[in-house]
Amino acid sequence: ESDDARDRGMAYYRPEHDSYSADRLTLASELREAIRLDELALFFQPKLNLADERVVGVEALIRWPGRTRAVGADEIIAVAEQTGLIKPLTRWVLQQALRARDELIEAGQEELSVSVNISPNNLREQEFPLFVQRLMAGHPQHAGKIILEVTETSMMQDPANSLRALRSLHFAGIPLSIDDFGSGYSSLSYIKRLPASEIKIDRSLIVDLSFQAEDRVIVQTTINMCHDLGYKVVAEGVEDRETLQLLEEMGCDMIQGFVLTPPQPMDEFMRWLTNHVMQEKRRA
Ligand code: C2E
Ligand code: MG
Ligand code: MG
Ligand code: MG
């Protein structure tokens, strides 16, 4: 590109200077294939109720096994959102989540919920609430037990439409959870109107809880506020016993995190659960 063109603010596309988006293009077509060939997987992380130390549910998290270069969930979702693949991907995830819960029921764990993350783009699809409603109507055994998680920041991109979609989902009996709360810009006046039943406090506020007095103030205030607004509170990313103890003293309802276990495939999760229940019985 000539100095002249640069001076006038023009940019010429040169693929060799744009390996990032070339990578993204390759990744996008590989992802499309992976969805089609059913090569993606869901891992599951337990959600623990602090009052009785019982597992009340699992969160489903996307994984792409069998790749030479590991691609994390955040990257999979970013690529899917940029390419329109998020629509088929979310439908795949929802189908798999229903299957996973069938397995839980079969194993005698029918009280466990399965949480699924959905993208802001899904909320912008006109037909998404109806799609979910129909899907759930075809699987009455999962009624009220498939929770949809939406991040706080994603809703703020398009508050009016997001709220409309969330209201129809809520009206259809789908429990909703506000994910990554406290990680971005949020509007408290918006939060008070959400038809959600649960708020998940972002890991960034939890990670230093045992040695940051300021974080304790913020988390305690958030827990109190959410309780007063009628939400259950989940702390994300709890990595040690001390933080778990603190959260329990602060009145937090539930936790997720490596202190229990990282996300794992369903069969491994079931083995972990059996072990956890046995330990609970021994302690009781
Ligand atoms: P998220 O929904 O907030 O999920 C929690 C993330 O924290 C997960 O990362 C989980 O593996 C990780 N995590 C759990 N406990 C701990 C802990 O104690 N310490 C640390 N350091 N991390 C912990 P993951 O699986 O990489 O997912 C990242 C994000 O990608 C998710 O954040 C969610 O926003 C998105 N995501 C994952 N799966 C899906 C999906 O199926 N659909 C959509 N739309 N988004 C998804
Ligand atoms: Mg989540
Ligand atoms: Mg989160
Ligand atoms: Mg997150």
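Identify, by number, the condition in (1) of a type outside the set (Asp, Glu); (2) at pLDDT 95 or above; (3) surrounded by fewer than 20 Cβ atoms within 10 Å (Cβ to Cβ) that Ile191 doesn't meet.
Against the list (1) of a type outside the set (Asp, Glu); (2) at pLDDT 95 or above; (3) surrounded by fewer than 20 Cβ atoms within 10 Å (Cβ to Cβ), Ile191 comes up short only on (2).
Condition test on Glu236, is it in contact with an Asp or Glu (Cβ under 7 Å, 6 or more places away or on another chain), modelled with pLDDT under 95 and surrounded by 13 or more Cβ atoms within 10 Å (Cβ to Cβ)?
no
Quick one: Leu260 ticks every box in (1) in contact with a helix residue (DSSP H, G or I) (Cβ under 6 Å, 6 or more places away or on another chain); (2) within 16 Å of ligand 2 (Cβ to nearest atom); (3) part of a loop (DSSP other than H, G, I, E, B) bar one, so which box is it?
Here Leu260 clears every test but (1).
Which one is nearest to ligand 3 (Cβ to nearest atom) among residues in segment 199-214 that are of a type in the set (Asp, Glu) and more than 21 Å from Leu229 (Cβ to Cβ)?
Top of the filtered list is Asp208.
Just checking, how many residues over segment 111-147 are part of a loop (DSSP other than H, G, I, E, B) and open to solvent by 30 Å² or more (accessible area, probe 1.4 Å)? Talk me through it step by step, then tell me what you get.
We begin by selecting, within segment 111-147, every residue part of a loop (DSSP other than H, G, I, E, B); these are 111-112, 118-119, 125-127, 138-139, 143-145.
Remaining after also requiring open to solvent by 30 Å² or more (accessible area, probe 1.4 Å): 111, 126-127, 138-139, 143-145.
Residues that pass the stated criteria total 8.
Could you figure out which of (1) within 16 Å of ligand 3 (Cβ to nearest atom); (2) under 22 Å from Val93 (Cα atoms) isn't true of Met156?
(2)
Name the residue, out of Ile199, Ile174, that is among the β-branched types (Val, Ile, Thr) and part of a loop (DSSP other than H, G, I, E, B).
Ile174
The values are calculated or read from the model by the stated rules, or taken from the named source; none is laboratory data. Please read all numbers here as calculations on a predicted model, not as lab measurements. Here the Cβ is made from the backbone with ideal geometry for all residues, glycine too, and neighbour counts use every protein chain on show. Accessible surface areas use protein heavy atoms only, side chains included; no ligands, DNA or RNA. Shrake-Rupley method; radii C 1.70, N 1.55, O 1.52, S 1.80 Å.
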